[in-house]
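Only the coordinates and a few stated rules stand behind these numbers; no lab work does. Worth saying up front: this structure is predicted, and the values here are computed from it rather than measured.
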Amino acid sequence: MMMLIQPEKRIKELRALIDTFSYEYHMLDSPTVDDAVYDSLFSELKSLEVKYPELITTDSPTQRVGNELSGGFKKAEHSTRMLSLNDVFDKSEVESWVKRIDKLLPGRKHEFFADIKMDGLACALIYQDGLLVRAITRGNSFVGEDVTDNVRTIKNIPLRLRSTVGFEKFSIGRTEVRGEIVMLKKDFARLNKKRLAAGEPEFANPRNLAAGTIRQLDPKLVAARPLHFRAYDLLRDDSSEVPTNMSAYQTLSAIGITRNLEADIFTTLNGVMKFVDIWDKKRNELPFNTDGLVIKVNDRAQYVELGIVGKQPRAAVAYKYMAEKATTIVRDIVISLGRTGAATPVAVFNPVIVAGTTVQHASLHNADEIIRKDIRIGDTVVIFKAGDIIPQVDSVVLELRPKDSSMFDFEKALSEQLPEYKFERSEGEVVYRAKGMTGPILLARALQHFASKGALDIDTLGEKNVIALVESGLVNNLADIYSLRFEQVIKLDRFANISARKLVDAIQAAKKPTLERFIYGLGIRHVGIQTAIDLANRFESIKTLRVATIDDLQQVEGVGEVVAESIVAWFADPDNESLLRQFERFMVQPYFKKSSGKLLGMSFVVTGTLESMSREEVGNRVRALGGIFQSAVAKDTTYLVVGDKVGGSKLKKAQSYTVKIINELQLKEILGN
């Protein structure tokens with residue numbers, strides 16, 4: 001059953017866990033989760049508080065201004081606050097930011113300055129008359145920690161500024177350089193390689209290692225690790241000496257400070273967004289890790305004029321690329337029966353954006369994997385994309401596990417979800433398979449269904465021809481029939497020239513089925529002909545259907561929780577994803593045809609036995625004329641057709657709903673006989 005989330009309880013749990021992670025990150029510099037996981041949980045909390053503002057409290061992490069660091073270092077005040085930036089995630093949010101600037105600076109032109117955001121530890125370097133005298137971490141933005149002795153060991157930080165022609169004044173008086181202490185990817189990889197060779201555990205990521213290293217009490221240990229400093233700002237007592245952000249960067253290079261050479265200025269928003277897109281594609285080529293860009297107003301007088309809100313300047317934003325990890329809640333675990341008879345568990349969870357796309361399900365592979373990760377219905381899980389393509393469950397956030405949760409019973413789920421099959425697990429295997437249901441048997445069944453009258457209606461693909469094709473090895477999945485050539489088929493015992501040609505031509509003629517026939521032909525569990533029609537009418541393409549959420553699916557008439565989860569699980573199965581790609585390669589193009597005909601809007605149910613037509617024939621006739629053929633009486637049923645040997649339940653329900661009751665003769669008149 002689907003888990004129902006209690007907002008007040010969830011908010012309390014999220015706050016407690018975020019506070020713990022925040023303490024580990026800011027106070028101990030020893031985070032236990034990725035930044036993406038923290039951000040995802042924080043985002044969920046913010047969303048819940050927006051939805052339920054009455055549950056906001058003053059001690060919520062969303063209301064916190066900042067956290068102080070602690071340790072064995074002296075506190076030191078910043079000359080001006082080391083501000084953080086508001087995050088934006090797409091072009092529309094950048095446009096909104098620009099509009100706010102235009103409103104505050106009406107009629108004023110402004111350039112935009114953009115640079116790649118580094119994932120490191122923020123630090124301020126203070127030079128007096130050209131000599132490095134102090135280094136201070138960001139801290140709570142007002143007060144940081146004096147880490148001068150450790151910073152002096154970083155080789156690319158000059159102990160004395162270069163005196164370059166035209167820039168001599170920066171070696172006189174106070175010059176402050178702000179930037180990030182990072183560990184370059186190549187250095188991080190080299191360091192971990194050495195640790196592995198020495199039998200020591202690898203470090204988790206460069207950012208955490210850089211932050212942890214700079215706070216070591218022994219400068220010798222810091223010197224042994226390859227840290228790197230990259231500047232992003234330059235401050236002088238006389239602000240007119242640094243009129244723009246780009247002039248700050250030019251000065252940094254002149255006085256011997258490393259900064260990003262990729263930074264640039266733009267006069268239009270389109271130029272900024274092109275820069276965003278370029279580095280989204282090329283960010284893996286950078287020597288350091290990044291999660292986005294910084295976009296600022298270039299003119300520093302305008303920057304100051306725009307002011308600060310809270311602890312964020314109005315004149316700058318951080319453009320964040322889509323997170324590659326996120327958290328969500330497991331709603332259910334559904335078992336999908338694959339084409340080889342293997343039972344594959346699929347986690348169905350609340351939709352979440354991971355690496356730029358919406359994800360709502362992930363294969364859990366097998367029963368052992370569920371046990372190994374101890375994944376349960378109701379758990380909050382960390383999702384990532386393997387190879388930026390396939391969603392996977394990384395781990396469970398145990399602190400948010402419901403108190404009444406229980407381990408997932410795989411064998412019980414098999415008997416409940418697939419009661420018509422018996423399953424066995426061979427010794428040494430991790431997969432449960434349906435007894436007596438080998439791959440060829442299941443494939444033959446699936447192919448017969450795919451070619452049946454209600455599906456693609458390929459009359460040359462009867463039972464015996466299907467078996468011949470499967471046993472010969474020419475067909476290994478449904479899409480393979482579209483690769484068949486006359487030369488291959490004619491070699492089989494059952495076929496002569498005419499029958500072989502007829503089969504190949506009939507299959508090729510079925511490359512453009514209506515969408516509802518194609519959906520029905522796929523054999524998705526619980527999806528009959530009428531449900532396929534309803535799905536086609538609602539989603540109008542396979543592409544849209546395959547990304548539909550459970551909530552989207554449940555908006556369709558007759559699709560409840562069980563059917564919706566079955567559809568989601570089918571599209572989550574890697575075999576089925578591969579099958580759909582193969583259909584595309586063979587140019588199989590299902591098309592949507594809007595329902596039309598004189599029975600449009602009418603729905604029919606048959607009870608009892610009819611003399612001249614079977615129920616299947618009635619259903620086909622009704623649907624061909626645009627009507628709906630239902631298996632049970634509902635409030636929206638138009639006609640109940642009564643034949644011989646009628647049970648009382650449908651009649652009674654029809655009468656309670658005031659459904660019109662007709663006989664077979666009246667049905668034939670409506671159908672046009």
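When only Cα pairs under 8 Å and 6 or more residues apart are kept, what is the percent relative contact order across the chain?
Details: 1121 pairs, mean separation 64.6, N = 673.
In percent, rounded to a whole number, it is 10.
Once amide H atoms are placed 1.01 Å from N in the peptide plane, what residues at a sequence separation of 5 or more from VAL359, or on another chain, have their amide H within under 5 Å of its amide H?
It is VAL352, ILE353, VAL354, by chain and number.
Divide by every residue of the chain the summed helix terms, -39500 (n - 2.57) for each DSSP H run of at least 4, and state the resulting mean residue ellipticity at 222 nm, rounded to the nearest 500 deg cm²/dmol.
Values: 25 runs with 242 residues, N = 673.
The per-residue figure over the chain is -10500 deg cm²/dmol.
As a test, work out the antiparallel percent of DSSP beta bridges whose residues both lie in the stretch 120-259, rounded to the nearest 5.
Values: 24 of 25 bridges.
Within the stretch 120-259, antiparallel bridges account for around 95 percent of the total.
Enumerate the calculated ³J(HN,Hα) couplings along the stretch 421-426 in order (Karplus 6.51 cos²θ - 1.76 cosθ + 1.60, θ = phi - 60°), each rounded to whole Hz, writing x wherever the residue is Gly or Pro.
Per-residue couplings from phi come out as 10, 10, 10, 9, 10, 5 Hz.
Excluding same-chain residues fewer than 8 positions from LYS193, which aspartates and glutamates have a Cα within less than 20 Å of its Cα?
Reachable aspartates and glutamates: GLU202.
Tell me, what HN-Hα J-couplings in whole Hz come from the Karplus equation 6.51 cos²θ - 1.76 cosθ + 1.60 at θ = phi - 60° for each residue of the stretch 83-99, using x for Gly and Pro?
7, 9, 10, 5, 8, 10, 10, 7, 4, 4, 6, 5, 4, 4, 4, 4, 4
Could you state the number of Å between the C-alpha centres of the stretch 279-297 and the stretch 472-544?
Distance between centres, Cα-based: 46 Å.
For the stretch 71-201, what does the alpha-carbon gyration tensor say about shape, rounded, prolate or oblate, given a ≥ b ≥ c as the root eigenvalues, a/c under 1.5 as rounded, and a/b over b/c as prolate?
oblate
Sequence-distant or interchain residues sharing an amide H contact under 5 Å with ARG178, placed H: which?
LEU125, TYR232, ASP233, LEU234, LEU235
Please work out whether the stretch 603-671 counts as rounded, prolate or oblate from its C-alpha gyration tensor, where a ≥ b ≥ c are the square roots of the eigenvalues and a/c under 1.5 means rounded, while otherwise a/b larger than b/c means prolate and anything else oblate?
Details: a/c = 1.75, a/b = 1.23, b/c = 1.42.
Here the stretch 603-671 falls in the oblate category.
Would the stretch 439-585 count as rounded, prolate or oblate if I go by the C-alpha gyration tensor, calling it rounded below 1.5 in a/c and otherwise prolate when a/b exceeds b/c, oblate otherwise? Before the final figure, lay out the partial values.
Details: a/c = 2.39, a/b = 2.14, b/c = 1.12.
Prolate, because a/c is 1.5 or more and a/b exceeds b/c.
Whole-Hz ³J(HN,Hα) for each residue in the stretch 366-382, computed from phi via Karplus 6.51 cos²θ - 1.76 cosθ + 1.60 with θ = phi - 60°, x for glycine and proline: what do you get?
Couplings: 6, 4, 5, 5, 5, 5, 4, 8, 6, 8, 10, 5, x, 5, 8, 10, 9 Hz.
Taking 2.2 N^0.38 Å as the expected size of a compact globular protein, what ratio does the Cα radius of gyration of the stretch 120-259 give against it, to two decimals? Walk me through the numbers on the way to the answer.
Details: Rg = 16.1 Å, N = 140, 2.2 N^0.38 = 14.4 Å.
Relative to the rule-of-thumb radius for its length, the stretch 120-259 sits at 1.12.
Just to be sure I understand: of the beta bridges DSSP finds with both ends in the chain, what percent are antiparallel, rounded to 5?
Values: 72 of 87 bridges.
Bridges in the chain that DSSP calls antiparallel: roughly 85 percent.
Under 16 Å between alpha carbons, and skipping anything fewer than 8 positions from LYS491 in its own chain: which lysines qualify?
LYS464, LYS502
Using modelled backbone amide H atoms (1.01 Å from N, in-plane), which distant-in-sequence or interchain residues come within less than 5 Å of VAL147's amide H?
ALA135, ILE136, THR137
For the cross-link pairs LYS512/LYS543; LYS46/LYS296; LYS598/LYS668; LYS281/LYS320; LYS75/LYS169; LYS325/LYS385, which exceed 18 Å when the distance is taken from alpha carbon to alpha carbon?
Numbers: LYS512/LYS543 15 Å; LYS46/LYS296 26 Å; LYS598/LYS668 14 Å; LYS281/LYS320 14 Å; LYS75/LYS169 29 Å; LYS325/LYS385 7 Å.
Cα-Cα > 18 Å for LYS46/LYS296; LYS75/LYS169; rest within.
If you take every DSSP beta bridge fully contained in the stretch 603-671, what fraction is antiparallel? Give it as a percent rounded to 5. Let's see the in-between values first.
Working: 1 of 11 bridges.
Close to 10 percent.
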